[in-house]
Amino acid sequence: MEHDDTTTGSGQPGGGAGDDERATYTIGQLAEEFQITTRAIRFYEARGLIQPRREGKNRIYSRRDRGRLILILRGKNLGFTLEDIAEYLALYDVDRSQRTQTEMLLSKVEASIADLNGKKADLARTLNDLKELRAKCLGFLKQADEP
């Protein structure tokens, strides 16, 4: 999902490894890259999940902001709440070894798996009930059609 094409502050494609550290993005570039709206990006900013610097009225997003946006979108796709995602991102800032962050993520993943397995069982029961009801309806209609 992550793209390697970065831009420097001038908006030109990045060159060497040093350019990657200074890579910056506009809100439009990130919105286009991740197929989300600029409004969504501003929402994540308002929630404190990303913190672009400002040059006048323009937001300038760093590699770090882009990386955090990737994590936000992955988390959302996996069904995590913004609060869960914010906690995960905050732990990274506190513990660069990522142990605490990984333990928290593992706990959330295990809880999500358990939740989804419960929903899967509920869906299987509901599907079986609906199939039984369908069979009864078809049987009733077949009897009603017989002389």
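Annotations
- Residue in segment 98-120 that is within 35 Å of the chain's Cα centre (by Cα) and outside any helix (DSSP H, G or I) present: yes
- Among the residues making up segment 35-87, those that are of a type in the set (Gly, Ala, Ser) and either crowded, with 18+ Cβ neighbours inside 10 Å or farther than 20 Å from Leu116 by Cα (or both) are Ala40, Ala46, Gly48, Gly56, Ser62, Gly67, Gly75, Ala86.
- Being charged (D, E, K, R), in a helix (DSSP H, G or I) and modelled with pLDDT of 95 or more is a property that does not hold for Arg64.
The values are calculated or read from the model by the stated rules, or taken from the named source; none is laboratory data. Here the structure is a predicted model, which means the values were calculated and not measured. Glycine gets a Cβ as well: all are built from the backbone with ideal geometry, and neighbour counts include every protein chain shown.
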